[in-house]
Amino acid sequence: MVVLVIGGAGYIGSHAARALKRAGHEVIIFDNISTGYEILAAGFELIKGDVLDSAALARVLPRADAIMHFAAHAYVGESVTNPRKYFRNNVEGGLSLLNAAVDAGVKKIIFSSTCAVYGEPAKVPIEENIPRQPVNPYGVTKLFFEQALEAYDRAYGFRFASLRYFNAAGADDSGEIGELHEPETHLIPLALRAAAGLGPELQVFGSDYPTPDGTCVRDYIHVNDLASVHLKALDHLAAGQESFAVNVGTGTGASVQEVITAVEEVTGKRVPRKMVPRRPGDPPILVANPAKAQALLQWKATRGLRDVVATAWKWMERQSKLAAR
Ligand code: UDP
């Protein structure tokens, strides 16, 4: 199939683009390079364009059989202080893409949704059918797009997969691509930087949560496991199956403290850190129940926290060697 990968020069999109290519699909990357990097799209056809540019989309969509949509702003904190940016890109941009797709007759889309659509779930591990009650504008924009997909499915026979990611982390084993965020706010790269002496000491946001060691628990999913669920979702829709939403997580939680321990084991270095107050908007525990993805797509995460940290470390070491040249 020819797959149009919107946001394919970003962290998760670039891993999915490689997985598609390895599986024999043709990939066209469409990315405005605002938070993506051309080097992550190396080796692919790259169209520089914005999802709000309907004319640019109308030119490329007739070549595509399906769309994967990764292009979104994804900082929870920033969505609180600058919601306009989030509604513009994630909602207006998303609708621009959806309408251009309907007009071009492309009726299959795999969407990067998030566990943030659930807000602060009453029950963990999280199942897909609990109420979606996001607690920040980022989650609201993602829920809006999920609901637009549901309406377009009913009205236009548009088929979608909403993949609700938990915490994406790690890097491709090749060491060629990995997480590149500016600014970096995510736990694993910041802990690795602190261990390597490339960044400040790690701030642990809250040690008084109702969790076994008092720090927040998250479900860290390797980015290549994430990429592989996109292939499964694509095959599912291509086989004429119904639209669906699934959690994409491992089903196993790790606390901030456990992540720090894994980083210390993998790097052989201590993570300098200090305990600081909670970060607003962080629920204590977010862990997926991944049973639906397993039953529907025969997909299951294959890689654990150590592997996530080890590949992220390999990527970071390579980045710092390149920077030192
Ligand atoms: N976290 C932390 N210090 C940091 C960054 C994150 O203690 O510098 C914690 C954060 O409170 C959360 C977990 O690590 O419990 C994962 O945060 P991250 O920003 O990586 O992902 P999020 O869960 O916000 O998507």
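The values are calculated or read from the model by the stated rules, or taken from the named source; none is laboratory data. These numbers were taken from a predicted model, which means no experiment stands behind them. Cβ: placed from backbone, ideal geometry, glycine included. Neighbour counts: every protein chain shown. These area figures cover heavy atoms from the full protein model, side chains too; ligands, DNA and RNA do not enter into them. Shrake-Rupley method; radii C 1.70, N 1.55, O 1.52, S 1.80 Å.
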Check your understanding: Against the longest principal axis of the chain, how steep is helix 137-156, in degrees 0 to 90 to the nearest 10, with axes from Cα atoms?
Key -> 30 degrees
Study note, to complete from the structure: So the compactness index of the stretch 277-319, its C-alpha Rg divided by 2.2 N^0.38 Å, takes the value 1.68
Check your understanding: Taking the stretch 226-324 as the region of interest, what is the percent of Cα-Cα pairs per 5 angstrom bin, listed from the shortest bin to the one with the maximum distance?
Key -> 2, 10, 15, 16, 15, 15, 12, 8, 4, 2, 0
Exercise for review: Quote the convex hull volume per residue of the stretch 47-88, based on C-alpha atoms, as a whole number of Å³.
Suggested key: 82 Å³
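In Å, the Kirkwood hydrodynamic radius of the chain over pairs of distinct alpha carbons? Walk me through the intermediate numbers first.
Values: mean 1/r = 0.0501 Å⁻¹.
In the chain this quantity evaluates to 20.0 Å.
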Check your understanding: Between LYS21 and LYS321, 0.36 nm times their residue separation minus their Cα-Cα distance comes to what?
Key -> 105.2 nm
Point to revise | Angle between the chain longest axis and helix 187-196 axis [Cα atoms, degrees, rounded to 10] | key: 50 degrees
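Under a point-charge model restricted to the Cβ atoms of Lys and Arg (+1) and Asp and Glu (-1), what is the dipole moment magnitude of the chain relative to its Cα centre, in debye to the nearest 20?
Values: 34 positive and 35 negative charges, 37 e Å.
My answer is approximately 180 debye.
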**Study point:** the chain - percent relative contact order, Cα under 8 Å, separation 6 or more
**Key:** 18 percent
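Translational diffusion coefficient, Stokes-Einstein: compute it for the stretch 61-194 using the Kirkwood radius over C-alpha pairs as Rh, at 10 °C and 1.306 mPa s, and state it as an integer in µm² s⁻¹.
Details: Rh = 16.3 Å.
Rounded to a whole number, D works out at 97 µm²/s.
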Review point. Using θ = phi - 60° and the Karplus curve 6.51 cos²θ - 1.76 cosθ + 1.60, what whole-Hz ³J(HN,Hα) does each residue of the stretch 270-279 get, with Gly and Pro shown as x?
Key: 7, 9, x, 8, 9, 7, 10, x, 4, 8
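Determine the dipole magnitude for the stretch 194-325: charges of +1 sit on the beta-carbon of Lys and Arg, -1 on that of Asp and Glu, nothing else is charged, the reference point is the Cα centre, and the result goes in debye to the nearest 20.
On the way: 16 positive and 13 negative charges, 94 e Å.
My answer is approximately 440 debye.
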Study note, to complete from the structure: So the carbon and sulfur contribution to the accessible area of the chain, 1.4 Å probe, in percent, is 52 percent
Revision key, fill the gap. Once both label points are put 7 Å beyond Cα along the C-beta direction, the GLN203-ARG154 separation in nm becomes 4.4 nm
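Express in nm, to one decimal, how much length is gained between LEU296 and SER34 on full extension, taking 0.36 nm for each residue of separation and deducting their alpha carbon distance.
90.8 nm
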**Study point:** Computed lengthening from GLU184 to ALA58, 0.36 nm per intervening residue step minus Cα-Cα distance
**Key:** 42.0 nm
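Under a 1.4 Å probe, what is the accessible area of the stretch 55-146 per residue, stated in Å²?
Values: 3910 Å² over 92 residues.
Ligands and nucleic acids excluded, the result is 42 Å² per residue.
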Practice item. Could you check the simple spin-label distance between ARG279 and VAL135, using points 7 Å along Cα→Cβ, in nm with one decimal? Key: 1.4 nm
Practice item. Filter the GluC sites (Glu not before Pro) in the stretch 207-308 down to the DSSP loop ones having no more than 11 other Cβ atoms within 10 Å, then list what survives. Key: GLU242
Review point. Label point 7 Å out from VAL102 along Cα-to-Cβ: which residues of the stretch 120-156 have amide N under 16 Å?
Key: 144-156
Study note, to complete from the structure: Here the stretch 35-40 yields Karplus 3J(HN,Hα) values (6.51, -1.76, 1.60; θ = phi - 60°; whole Hz; Gly and Pro given as x) of 10, x, 9, 4, 4, 6
Practice item. Kindly write out, for the stretch 17-22 in residue order, the coupling ³J(HN,Hα) from the Karplus curve 6.51 cos²θ - 1.76 cosθ + 1.60 (θ = phi - 60°), rounded to whole Hz, with x marking Gly and Pro. Key: 4, 5, 4, 5, 4, 4
Check your understanding: Given H placed on each backbone N at 1.01 Å, which residues far from ILE47 in sequence or on other chains put an amide H within less than 5 Å of it?
Key -> ILE29, PHE30, ASP31
Exercise for review: Divide by every residue of the chain the summed helix terms, -39500 (n - 2.57) for each DSSP H run of at least 4, and state the resulting mean residue ellipticity at 222 nm, rounded to the nearest 500 deg cm²/dmol.
Suggested key: -12000 deg cm²/dmol
